[in-house]
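Structure first, commentary second.
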Amino acid sequence: MRVRRKRLGLRALRKRRELRPVADRTADLSRRDILLFCTQRNEGARLPHFLDYYRALGVNHFFFVDNDSDDGSLQILARQKDVSVWTTRASYKRSRYGVDWMNWLLRRYGHGHWCLTVDPDELFVYPFCDTRPLRALTDWLEASNVKSFGAMLLDMYPKGRIDAQPYQPGDDPLRIACWFDAGNYAITRNPQLWNLWIQGGPRARVFFRDTPEKAPALNKIPLVKWDRRYVYVSSTHNLLPRGLNLTYDEWGGEKTSGMLLHTKFLSTFPQKAEEELARRQHYGASREYIAYADGIRDNPDLWCRFSEKYINWRQLEILGLMSKGNWA
């Protein structure tokens with residue numbers, strides 16, 4: 001595992017050459033800043049709400065890698081005073097789906113900071129997020145000597161056709177995609193890296209109903225007190241050293257955990273699915289996007305009679321999808 005970690009670190013060092021700075025505001029960083037890291041391509045419609053959402057949580061500075069966008073999103077990011085952005089035309093696939101780029105930026109700028117690594121369609125939710133800023137959570141984790149914080153990815157979707165309600169730039173995606181599956185999840189333990197492996201939800205139910213074992217993983221570890229020795233291995237599903245993946249209680253108790261509300265399924269999704277399928281830059285020969293494109297052509301209604309409408313984090317805790325643990 002130590003050799004593997006060093007190898008991934010060296011990959012990140014090599015891949016830094018693919019990144020060209022567009023707006024580097026890292027001189028403004030202070031020691032206690034909470035940082036957010038993100039790779040994006042053509043997410044201009046989502047960015048205004050994404051930035052406002054995480055600023056309100058307490059993120060102090062954003063690090064973006066723009067992968068050859070042509071929708072103006074790079075220009076949007078470059079104008080933000082709390083954003084540093086790099087651009088690249090290199091292969092997303094050959095950067096291990098952006099993980100090499102993120103590992104480099106985390107190593108270069110994240111050391112000693114609490115770092116949140118998310119996608120543009122993910123909204124982080126944690127216990128008491130409606131009354132306590134992200135700093136309160138990281139201070140408590142640090143006082144408890146906890147270096148990583150796990151979150152399950154929860155697929156959000158509208159009621160009715162995905163394209164029935166147009167999504168406008170700057171809109172809150174949860175205004176449209178406000179439903180989720182309360183059950184239908186399978187959890188196993190990765191014996192090699194020790195992280196949990198979670199599958200299920202509407203993607204398994206609709207797009208992978210015949211092969212649910214191939215459904216996308218829903219386990220993530222987005223929040224880490226970063227050290228330059230750390231690396232993400234596969235997206236934010238797991239890290240090395242592997243002790244960082246033990247974000248759960250093995251003895252029947254509950255550790256504090258969060259959620260990532262995944263707002264992929266908006267009216268913009270059918271076009272995005274076709275675009276990404278054509279690019280063939282995603283994991284497993286883009287089998288996930290093949291399934292999406294095949295299903296979306298029929299405009300499936302992801303809603304079912306067991307769907308729940310999202311209210312707040314307390315609802316998710318009551319349903320057993322996240323836990324406040326012993327954080328009171």
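The single residue among 239, 223, 193 that is at pLDDT 95 or above, hydrophobic (A, V, I, L, M, F, W, C) and either outside any strand (DSSP E or B) or under 15 Å from residue 263 (Cα atoms) (or both) turns out to be 193. Criterion applied to 204, 151, 164, 177 was being surrounded by fewer than 22 Cβ atoms within 10 Å (Cβ to Cβ) and either among the aliphatic types (A, V, I, L, M) or farther than 27 Å from residue 244 by Cα (or both), and the one residue passing it is 164.
Taking every residue in segment 224-245 that is of a type in the set (S, T, N, Q) and pairing it with any residue that is modelled with pLDDT under 95, at least 6 positions away or on another chain, the pairs with Cβ-Cβ distances below 7 Å are 235/97. Evaluating residue 98 against the criteria (1) within 22 Å of residue 219 (Cβ to Cβ); (2) over 15 Å from the mean Cα position of the chain (by Cα); (3) crowded, with 21+ Cβ neighbours inside 10 Å leaves one unmet condition, (2). Under the condition of being closer than 16 Å to residue 131 by Cα and surrounded by fewer than 16 Cβ atoms within 10 Å (Cβ to Cβ), which residue from segment 313-328 is modelled with the lowest pLDDT? The residue in question is 328. Could you pull out the residue among 115, 129 that is part of a loop (DSSP other than H, G, I, E, B) and within 17 Å of residue 260 (Cβ to Cβ)? That would be 129, the only listed residue that is part of a loop (DSSP other than H, G, I, E, B) and within 17 Å of residue 260 (Cβ to Cβ).
Across segment 21-40, the qualifying residues are those that are at pLDDT 95 or above and in a helix (DSSP H, G or I), and the one among them that is farthest from residue 91 (Cα to Cα) is 27. Among the residues of segment 162-169, is any under 20 Å from residue 43 (Cβ atoms), of a type in the set (Phe, Trp, Tyr) and touching a residue at least 60 places away in the same chain (Cβ under 8 Å)? Yes - at least one qualifying residue is present in segment 162-169.
With part of a helix (DSSP H, G or I), in contact with a helix residue (DSSP H, G or I) (Cβ under 9 Å, 6 or more places away or on another chain) and not β-branched (Val, Ile, Thr) as the only criterion, which of 55, 7, 16 stands out? The match here is 16.
With the requirement that a residue be closer than 21 Å to residue 167 by Cβ and among the hydrophobic types (A, V, I, L, M, F, W, C), what does segment 46-61 give you?
If we filter segment 46-61 for residues that are closer than 21 Å to residue 167 by Cβ, which is where we start, we get 46-56.
Across segment 46-61, the qualifying residues are 47, 50, 51, 56.
Summed over segment 101-146, residues that are among the polar types (S, T, N, Q) and surrounded by fewer than 23 Cβ atoms within 10 Å (Cβ to Cβ) total 4.
Residues of segment 299-328 that are polar (S, T, N, Q) and touching a Lys or Arg at 6+ places or on another chain (Cβ under 6 Å): 299 alone. If only residues of segment 209-223 that are in contact (Cβ under 8 Å) with a residue 60 or more places away in the chain and surrounded by 20 or more Cβ atoms within 10 Å (Cβ to Cβ) are counted, the one that is farthest from the chain's Cα centre (by Cα) is 216. When residues of segment 68-85 are filtered for being surrounded by fewer than 23 Cβ atoms within 10 Å (Cβ to Cβ) and either assigned to a strand (DSSP E or B) or of a type outside the set (A, V, I, L, M) (or both), how many remain? Here the count works out to 12. Against the conditions (1) aliphatic (A, V, I, L, M); (2) more than 29 Å from residue 328 (Cβ to Cβ); (3) surrounded by fewer than 22 Cβ atoms within 10 Å (Cβ to Cβ); (4) within 15 Å of the chain's Cα centre (by Cα), residue 65 satisfies every one except (3).
The values are calculated or read from the model by the stated rules, or taken from the named source; none is laboratory data. Keep in mind that this is a model prediction, so the values were computed, not measured. Positions of Cβ are backbone-derived with ideal geometry, glycine not excepted, and every protein chain shown enters the neighbour counts.
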